[in-house]
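Accompanying notes for the structure given below.
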Amino acid sequence: MSVSTAIDRLFAQWAKPDSPGAVVAVTRNGALIHEGAYGMANLAHGIPLSRKSLIRIGSQSKQFTVLLALLLEAEGKLSMDDDVHKYCPWLPPFPHKVTLHHLATNTSGLRDFLEMMVWNGLPLASVSDRALARSILARHREVNYVPGSQMLYSNTGFFLLSEIIEEVSGRSFNELLAHYITGPVGMPDTLLLKRDAEIHPNLVSQHMRGPTGWETTSWGFPLGGEGGMASTLTDMLAWQAALAAPPAAWQPLLARMTAPLHYTNGTETLYRMGLVVDRYRGALGIGHGGGVAGGKSESIRFPEHRLGVVILGNLSEMAPFALARRIADAALAGELTPHAPPAAAERLAAAAGMYREAGTGEVFTITAPDGAPVFTSAGGATSLNEEYPGHFAPERPTQHLVFTQGAANTLDAVFCGETTRYHRITPPTAAVRDLSGSYANAALGLDMRITGDSMLIRSDIGALRTTLSWAADDLLLVHAGTGPSEARPFIATLGVSADGLTLTTDRTKGLTFRPK
């Protein structure tokens, strides 16, 4: 089977006149070996996707933000070793020093501001502004962990970096982008698109599934360098070419962005400076993905094999990181470490169930709907990849977790270099106790009201209603809206203790609520 045939099959489900989809390009040794456009840019007007379609790239923006920060550092306008309070005095004092380097490497421990907006009752589709985001961050003195000791994906770091580079330069993000990057590289259509309501040539519609079919969607929050950029396939190919053969002035900066980093325990990090660096079937991969309301993307290079993959999609139900790896399977057939024997995945599938880390509210499930194991956490579902014999990791580029089967009903895991163990739990057949009542996190201005299996969290800016189900005698699952969905069975866990309740998500740890 040819490479193009294999890729066409991967994207066939979206290659329809009644579906949004993606544009895809694959290069080898600097030459284009596949290009495809699958699905529509705008369903209402019947406009197909093309290499000139302007599509949000989401968190791929982070690599541009970091490069801009490093370019400004080279001019003496900032230092990545500076305390973030030097530039953002409005932030509260933290238990430990947080530097700009921590922000750029997702090791700051700061809670994700987008998630915090949601828990404050402000849906991301609601119109808001960056001043409101700053006011929410100004309340969060607590951190998820000691900076540098772990990695949890946090948009807060890049929100702050985006604000800082504009402040120290006296220029807008778009002005900086055009001056330092997109102008020199030749990316004329790439820009920061703060709001989805802006009008630009060839701008696509973004889509997600609704009750009766596809619906267009958007965010009401004005995005910055944490995830607000939009680009085209043509421009992103130019970007990959620039990364493969960078200008001389960029070379030391890009080397810093991808150089090995270590947690304080000595383990090498997965996330570097605005880029993910890991290995897939023995091949070194460097890149970043992105996700916004109604859109997903991925741009990754396998430099040892001189292979590049770009995927830009205008729908939410796509896993571009996994798709990029399947493209690598096809393009590098015979050059990669062989896949694990089927028996390994079968053994893991046999361990299907819900698992909880000893003593915490960290929960994930393993299911095998089609015989292939699927990992689901509060962040959603993803496939599992055997990193090395018997050791599996979620096919998610920003979750540094690897686990293997342990003793009966356990999984032994390594998270950011620290060993831990997960125990299989069996949900009670009925509610363990009635938690109905009022709770609060006074420091954050959050009030919680539980009535039966319903939970309402209120703040001074909004309210969020969720539902609850028991996972263990002292642990509940928190479900979006009226209950779990197939795509996202739970969005958080709620630990129960004598002192109160503790909310935990993939990006937030230890959000406590005390009885009122």
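The values are calculated or read from the model by the stated rules, or taken from the named source; none is laboratory data. Not measured: the values here are computed from a predicted model. FYI the Cβ positions are ideal-geometry reconstructions off the backbone, even for glycines, and counts take in every protein chain you see.
Of the strands (runs of 3 or more DSSP E) entirely within the stretch 273-355, those holding at least 1 residues that are closer than 22 Å to L152 by Cα and modelled with pLDDT of 95 or more occupy 276-280, 283-292, 295-302. Say whether the condition of being surrounded by fewer than 21 Cβ atoms within 10 Å (Cβ to Cβ) and touching a His at 6+ places or on another chain (Cβ under 6 Å) is met by at least one residue in the stretch 4-13. Yes: the stretch 4-13 contains one or more residues that are surrounded by fewer than 21 Cβ atoms within 10 Å (Cβ to Cβ) and touching a His at 6+ places or on another chain (Cβ under 6 Å). Per the conditions (1) over 22 Å from the mean Cα position of the chain (by Cα); (2) modelled with pLDDT of 95 or more; (3) farther than 30 Å from V414 by Cα, the sole criterion not satisfied by G213 is (2). Scanning the stretch 197-236 for residues that are in contact with a strand residue (DSSP E or B) (Cβ under 8 Å, 6 or more places away or on another chain) and touching a residue at least 12 places away in the same chain (Cβ under 8 Å) yields a count of 25.
Here S61 fulfils each of the conditions (1) closer than 17 Å to T232 by Cβ; (2) polar (S, T, N, Q); (3) outside the structural domain of V310 (by TED's automatic domain parsing) apart from (3).
Per-residue answers, yes or no, for (1) modelled with pLDDT of 95 or more; (2) among the aliphatic types (A, V, I, L, M); (3) at negative phi; (4) touching a Leu at 6+ places or on another chain (Cβ under 6 Å):
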residue: I47; (1), (2), (3), (4): yes, yes, yes, no
residue: R56; (1), (2), (3), (4): yes, no, yes, no
residue: L68; (1), (2), (3), (4): yes, yes, yes, yes
residue: P92; (1), (2), (3), (4): yes, no, yes, no
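Residues checked against (1) among the small types (G, A, S); (2) outside any strand (DSSP E or B); (3) at pLDDT 95 or above:
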{"residue": "S135", "(1), (2), (3)": "yes, yes, yes"}
{"residue": "Y153", "(1), (2), (3)": "no, yes, yes"}
{"residue": "I165", "(1), (2), (3)": "no, yes, yes"}
{"residue": "N174", "(1), (2), (3)": "no, yes, yes"}
{"residue": "Y180", "(1), (2), (3)": "no, yes, yes"}
{"residue": "M187", "(1), (2), (3)": "no, yes, yes"}
{"residue": "A197", "(1), (2), (3)": "yes, yes, no"}
{"residue": "S205", "(1), (2), (3)": "yes, yes, yes"}
{"residue": "S218", "(1), (2), (3)": "yes, yes, no"}
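One line per residue, one yes/no per condition, for (1) buried (at least 23 other Cβ atoms within 10 Å of the Cβ); (2) touching an Asp or Glu at 6+ places or on another chain (Cβ under 8 Å):
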site: W90; (1), (2): no, no
site: F94; (1), (2): no, no
site: K97; (1), (2): no, yes
site: T107; (1), (2): yes, no
site: L124; (1), (2): no, no
site: V127; (1), (2): no, no
site: Y153; (1), (2): no, yes
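Would the stretch 413-434 turn up any residue that is surrounded by fewer than 18 Cβ atoms within 10 Å (Cβ to Cβ) and in contact with a Pro (Cβ under 9 Å, 6 or more places away or on another chain)? No, the stretch 413-434 has no match at all.
Looking across the stretch 220-242, the residues that are farther than 22 Å from W14 by Cβ and either modelled with pLDDT under 95 or within 22 Å of the chain's Cα centre (by Cα) (or both) come down to G220, F221, P222, L223, G224, G225, E226, G227, G228, M229, W239, Q240.
Total residues in the stretch 244-259 satisfying the condition of being assigned to a helix (DSSP H, G or I) and of a type outside the set (S, T, Y): the figure is 8.
Which residues, taken from the stretch 159-188, are more than 18 Å from G274 (Cα to Cα) and either hydrophobic (A, V, I, L, M, F, W, C) or surrounded by 19 or more Cβ atoms within 10 Å (Cβ to Cβ) (or both)? If the condition is that a residue be more than 18 Å from G274 (Cα to Cα) and either hydrophobic (A, V, I, L, M, F, W, C) or surrounded by 19 or more Cβ atoms within 10 Å (Cβ to Cβ) (or both), then V168, S169, A178, V185, M187 are the ones that fit. Just one residue in the set G353, G308, G390 is within 24 Å of the chain's Cα centre (by Cα) and of a type in the set (G, A, S); that residue is G308.
When you look at G313, is it touching a Pro at 6+ places or on another chain (Cβ under 8 Å), over 18 Å from T398 (Cα atoms) and not assigned by TED's automatic domain parsing to the domain that holds E387, yes or no? Taking the combined requirement at face value, the residue satisfies it. Looking only at residues of the stretch 471-485 that are out of contact with any Gly (no Cβ under 8 Å at 6 or more places or on another chain) and either in contact (Cβ under 8 Å) with a residue 60 or more places away in the chain or among the β-branched types (V, I, T) (or both), we find that the one that is nearest to M117 (Cα to Cα) is V478. The set of residues in the stretch 52-87 being of a type in the set (K, R) and surrounded by fewer than 19 Cβ atoms within 10 Å (Cβ to Cβ) consists of K52, K77, K86.
Condition check for D235 on (1) closer than 24 Å to E115 by Cα; (2) buried (at least 20 other Cβ atoms within 10 Å of the Cβ): one failure, at (1).
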